[in-house]
Structures are given as C-alpha cells and as structure tokens.
Amino acid sequence: MKSLPNSHQALLKNQHLLIGRVALLGVASAHLLPELSPSGPAISGLAMSEHAGVFRALGHQETWQACFGYDDPALTQNRYDSVVVFLPKARSELEMRLALALSLAADNARLILVGEKKEGIAGAIKQLKAIVPQASKVDSARHCQVWCADAVEPVPGFQVQDWLSWDRVECAGVPVDVAGLPGIFSQDGLDKGTRLLLETLSEQPAGAERILDFACGAGVIGAWVQAWQASQKRAVASVDAVDVQSQAIICARETYQRNGAAGTISASDGLTGMEGLWPVIISNPPFHSGVKTDTSMTEQFLQDVKRHLQPGGELRLVANSFLPYEALIKRYIGRVERLREDGRFTVYRAFRG
C-alpha cells in the first residue's frame, strides 16, 4: 500500500460503511481509490480534490469520476448513496464542504465524516451534529475519528458563489476588491508580505506587457498591478495567474472580473503544468510544509521558474527573511538584490542570466 494520510487509512479500515454510489470529498491522495475493496465488490463513484496535482492523478482511475473543487460541473446533485467528507485544514471550509455533501446525497443517504484529532475533529463534530443530529462515532483509528449519519435528508441547490465574500484592500493609494472563500484570503486585509511586494512594484515598476503571478491566491497581486498601472496612466500589462488550489482559482477569477483585470488564470501543481515564457514572474509563495520549512520546495520552484523566464527576465519575490532564498535565487536565476526588508519579510529581485 502506498503511504496514505491517516484519514484515508481510517476510511479503508471502515470501508464496509460504503454503500451504493460513493462520493469522496477532499481526497488528498489518489492512491486511496485502488485500495478500496481491491479483492471485493468494486467501489466506484466520484472523487473530489481541491489540489490540482491530486485531481490530475485521480483522473487516471478508470471507475471514478474525478472532480476539481467546488464548482466542477460533474458534481451531480442528489445522486450518491454514501458521501464521505474528509476534514479540511481550514475549519471555516467544513461548513461549505458539508453543504456540498448534502447537495450530492440521494434520498436516505449515508454521510461519513473522517478527520484527525490534531486537525480538530472534536470541534468539527459540533458542526456535523448541527446539520445531522443523528450522527454518531463509529470508530477511532489512525489518530482519527470516523462519524456516520444515516437517513440524511438531501439539501439541493449548492452553488459555490453563494459562499463568496468580498473585501476591499488598498496599497499605495490604489484599492481593489478581493474575493474570498472559506480558507482563501484573510478578512484581516492584505498580508504584510504581499503589501511589501506591492509597494516595491509601485516604487520600482516591472515594465512588461505580460506578467505571471505564481501562487496567486485570490488574485490580489494581478488585480492590483493592473489597477495601479491604470492609475498612473501606464500601459496595463496582462497578468496571468496560477495556483494549486481550486478555491484560489475560483476567487482569482472573481477578483479579476470585479476589477476588470486581464489575464489567464490556470490551475497547476507548481509550474509543472504551465507552458510559455514570461518577461516578469511575481510571487508570494507559501513555502512551508506544516510547521516546518521545506527548502526542497523552494529549490524546485526556482529551477522551474528559470525555464519560464525569458532571457533577461525578472523574478520578483517576497519571502520570510529567515529563509535561505538569496543564495538559491543566485544559483538558479542569476544576479539578485534585496529591494526592501522590514525585519520579517524581504523582497528579492533577480534577472535571468
């Protein structure tokens, strides 16, 4: 068996709970699917992931319908007899995931919630029982709890747009409206790293007709850059954007539309699924694995960036100052300078040699 998250192993231990047509929401590893009843009656159905790389791997499973996030057209309402909800990392996202689960449920469906103790499954139970009071715990396994509710009443009509929120942020006197979904974009406003990055773009603009925003999140960088350029009566660049998470892609598209921004927004696990060259790449990348710093992820990104930068092209990146970026950027991209520092964050600029 391939290494699986604890929640997936807990489901395998309790796969006898799965009846009829099955929907799995929040799959973190495509290796789960072939492990479900490998020697017994075939289990098939729908497998949804918000992660672009996992979604791509799910597409190789012949008996399963792969879905990417909360707005995939394959999410057919009132169709599934068993709906499994894996606990999301963001507690605020659980309510939305449960709403999707109820919209997918057929009459008298079974709803199953699986999550790790360290991810907050104890608190999540309150949310579960608020909508299905009959839910009860059926197992504790792999540091997880498995909860089940039978005879669930379907609640059709799920639309991810109903969960959108809007916030206005401002930097260098230029405001933009930013879309949010549970788990995407902080309602506390623009984070300090992104603000520092945008300030350097107003002080030392990146002059190019095309820009790529890597790890775009809700699309605030691309929308702001174009709004600032327009406010300065400069030529407005097209800012393409890429992120790994479905909710980020949804929010970025909404943000661009609200602000009249232009650019192609793509889902990709890193830059592996991207084609083309850009004269400027901008990023506030989330290079952390849990609470640990993962410099191997940094190195992979910087190696990939070079293949997507035009000769002489610019990389502008903000990161926590303690991360060993400067030497890595110099190794993989070319000459590098620190544009701004505030003690916590550093904005780097490098040009491909």
**OP:** Quickly run through the range 163-202 and pick out the residues that are open to solvent by 20 Å² or more (accessible area, probe 1.4 Å) and touching a Lys or Arg at 6+ places or on another chain (Cβ under 8 Å).
**Re:** 166, 175, 177, 183, 192, 199
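Counting only residues that are in a loop (DSSP other than H, G, I, E, B) and farther than 17 Å from residue 100 by Cα, which one in the range 136-172 is farthest from the chain's Cα centre (by Cα)?
Here is the first cut: in the range 136-172, the ones in a loop (DSSP other than H, G, I, E, B) are 142-143, 153-159, 164, 172.
If we keep only those that are farther than 17 Å from residue 100 by Cα too, we end up with 142-143, 172.
Numbers: 142: 25, 143: 25, 172: 28 Å.
The qualifying residue farthest from the chain's Cα centre (by Cα) is 172.
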Subject >> the range 74-110, residues that are open to solvent by 10 Å² or more (accessible area, probe 1.4 Å), more than 18 Å from the chain's Cα centre (by Cα) and not aliphatic (A, V, I, L, M) >> reply: 76, 77, 78, 79, 80, 81, 107, 108, 110
Subject >> When residues of the range 262-282 are limited to those that are open to solvent by less than 20 Å² (accessible area, probe 1.4 Å) and not β-branched (Val, Ile, Thr), the one farthest from the chain's Cα centre (by Cα) >> reply: 278
Original post:
Restricting attention to the range 232-247, does a residue exist that is of a type in the set (A, V, I, L, M), surrounded by 15 or more Cβ atoms within 10 Å (Cβ to Cβ) and under 22 Å from residue 342 (Cα atoms)?
Top reply: no
Subject >> Of all residues in the range 283-315 being open to solvent by 40 Å² or more (accessible area, probe 1.4 Å), part of a helix (DSSP H, G or I) and not basic (Lys, Arg), the one that is modelled with the highest pLDDT >> reply: 303
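Could we say that residue 216 is in contact (Cβ under 8 Å) with a residue 60 or more places away in the chain and open to solvent by less than 20 Å² (accessible area, probe 1.4 Å) here? Full working, then the answer.
Details: in contact (Cβ under 8 Å) with a residue 60 or more places away in the chain: no; open to solvent by less than 20 Å² (accessible area, probe 1.4 Å): yes.
For residue 216, the condition - in contact (Cβ under 8 Å) with a residue 60 or more places away in the chain and open to solvent by less than 20 Å² (accessible area, probe 1.4 Å) - is not met.
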**OP:** Please state which of the following conditions residue 29 fails to meet, knowing it meets all the rest: (1) over 18 Å from residue 160 (Cβ atoms); (2) assigned to a loop (DSSP other than H, G, I, E, B); (3) open to solvent by 20 Å² or more (accessible area, probe 1.4 Å).
**Re:** (3)
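Residue by residue through the range 99-135, note down the ones that are assigned to a strand (DSSP E or B) and of a type in the set (D, E, K, R). Steps first, please.
First, pick out the residues of the range 99-135 that are assigned to a strand (DSSP E or B): 105-116.
Passing the criteria: 107, 110, 116.
Let me confirm something: among 172, 135, which residue is over 26 Å from residue 5 (Cβ atoms), small (Gly, Ala, Ser) and at pLDDT 95 or above? Spell out how you get there, then give the answer.
Numbers: 135 fails: over 26 Å from residue 5 (Cβ atoms).
Result of the check over 172, 135: 172.
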**OP:** Output the residues belonging to the range 7-16 that are surrounded by fewer than 17 Cβ atoms within 10 Å (Cβ to Cβ) and touching a residue at least 40 places away in the same chain (Cβ under 8 Å).
**Re:** 13
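Take the residues of the range 173-187 that are hydrophobic (A, V, I, L, M, F, W, C) and more than 18 Å from the chain's Cα centre (by Cα): which is farthest from residue 112 (Cα to Cα)?
Here is the first cut: in the range 173-187, the ones hydrophobic (A, V, I, L, M, F, W, C) are 174, 176, 178-179, 181, 184-185.
From what's left, more than 18 Å from the chain's Cα centre (by Cα): 174, 176.
Numbers: 174: 46, 176: 40 Å.
So the residue we want is 174.
The values are calculated or read from the model by the stated rules, or taken from the named source; none is laboratory data. All values derive from a computational prediction rather than experimental measurement. Glycine also receives a Cβ, built like all others from the backbone with ideal geometry; neighbour counts cover every protein chain displayed. Note: areas computed on protein heavy atoms with side chains; ligands, DNA, RNA excluded. Shrake-Rupley method; radii C 1.70, N 1.55, O 1.52, S 1.80 Å.
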